[in-house]
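A.B. asks: Quick one: this structure, given as structure tokens, is what I'll be asking you about.
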Amino acid sequence: MEKLQAALNKARETRTTGDARMPSGSSKKAGGPIGLDDLWQELEPFEVQDDHLEMHRVVTRAANPAATPFDILRTKVLLQMRQNGWKRLAITSPMPQSGKTTTSCNLALGLGRQKDLRAILLDLDLRDPSVSSFLRADPKHSIGDVLSGKVAFADQALRIGDNVACSMANRQEKDPTQLLLAEETAAVIDQIESSYQPDVMIFDLPSMLVNDDTRAFLKNIDCALLVIRADYTKYGQFDNCEREVAEQTNVLGAVLNAYAHKSDQKD
């Protein structure tokens, strides 16, 4: 565990090397380099549709009783990440259909209600991307073009409100593992963080046990949240997933999804 922590600390130190560089996609104004607020405002704005979000169980756009469980999760995640100096959160699951994308979108929009925070959501489930369909967005370019250096983040990401940026896929990638394992991808992620200085970066990653995509990328992450589905995820699957994730990064916790609580007490 000490070796893992030392490796993570070294990775974080490496990320700071780009801080002195001009932000990617920045431009000069009459008074000098563009400021951070302006850099965020230059991202293309995008309006989410509440009725469509609700169809996909994304309920955190506004405070309401349905959003409360995700708001509790948001606060716990944020406090623990701040305590440890973490910025990058991976969300994965042992198997598909567990609710990881639902959790990712709800956390991102829930963080967006905290006006003093900035969050970036990146859809890295490149074999089966779904964030764009959850948000009903149609980005001009795909996140794969950003990771490969073909398109700047500033020209691809969409902004929800003032403080949430989403980099989404608009197609499947032919060789996602090669892309996620590449050092160029790690450098692009470092540059995005250095330029836009988000409080939290959320990475919606593929399910851990179906391919090697998540294993290829976890080296770039500070911590991971595991989403398991009641009456669907087997304990052995969860155990294997947790152990494999813990070999590469910190396991922040687990979310039990679709649990139907039955009480014998009458109201």
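The values are calculated or read from the model by the stated rules, or taken from the named source; none is laboratory data. Quick caveat, the model's predicted, so the values are computed rather than measured. Cβ coordinates were reconstructed from backbone atoms using ideal geometry, including for glycine residues, and neighbour counts include every protein chain displayed.
A.B. asks: Restricting the range 192-247 to residues that are part of a helix (DSSP H, G or I) and among the small types (G, A, S), which is nearest to R82 (Cα to Cα)?
C.D. replies: Start the filter on the range 192-247 by keeping residues that are part of a helix (DSSP H, G or I), which leaves 192-196, 213-220, 235-246.
Those left that are additionally among the small types (G, A, S): 194-195, 216, 236, 246.
Numbers: S194: 17, S195: 20, A216: 25, G236: 31, A246: 19 Å.
Once the filter is applied, the top-ranked residue is S194.
A.B. asks: Only one of (1) part of a helix (DSSP H, G or I); (2) free of Cβ contacts under 8 Å to residues at least 60 places away in the same chain; (3) in contact with a Gly (Cβ under 7 Å, 6 or more places away or on another chain); (4) small (G, A, S) is not met by A154, so which one is it?
C.D. replies: The single condition A154 does not satisfy is (2).
A.B. asks: Looking at (1) crowded, with 19+ Cβ neighbours inside 10 Å; (2) farther than 20 Å from E47 by Cβ, can you tell me which one D116 breaks?
C.D. replies: Every condition holds for D116 apart from (1).
A.B. asks: Checking the condition aliphatic (A, V, I, L, M) and more than 21 Å from L218 (Cα to Cα), which residue from L89, L79, L107 passes? I'd like the intermediate steps shown before the answer.
C.D. replies: Values: L89 fails: more than 21 Å from L218 (Cα to Cα); L107 fails: more than 21 Å from L218 (Cα to Cα).
Just one listed residue meets the conditions, L79.
A.B. asks: Anything in the range 50-85 that is of a type in the set (A, V, I, L, M, F, W, C), over 24 Å from R136 (Cβ atoms) and out of contact with any helix residue (DSSP H, G or I) (no Cβ under 8 Å at 6 or more places or on another chain)? List them, or say none. Walk me through how you get there before you give the answer.
C.D. replies: Of all residues in the range 50-85, those of a type in the set (A, V, I, L, M, F, W, C) come to 53, 55, 58-59, 62-63, 66-67, 70, 72-73, 77-79, 81.
Now restrict to residues that are over 24 Å from R136 (Cβ atoms): 72, 77-79, 81.
Selection gives I72, L79, M81.
A.B. asks: Also, I was wondering about something else. So if I check each of L122, L107, which one is part of a strand (DSSP E or B), under 12 Å from the mean Cα position of the chain (by Cα) and of a type outside the set (S, T, N, Q)? Please lay out each step first, then the result.
C.D. replies: On the way: L107 fails: part of a strand (DSSP E or B).
Result of the check over L122, L107: L122.
A.B. asks: Against the definition (crowded, with 21+ Cβ neighbours inside 10 Å and at pLDDT 95 or above), how does D204 come out, yes or no? Outline the logic, then answer.
C.D. replies: Working: crowded, with 21+ Cβ neighbours inside 10 Å: yes; at pLDDT 95 or above: yes.
Answer is yes for this residue.
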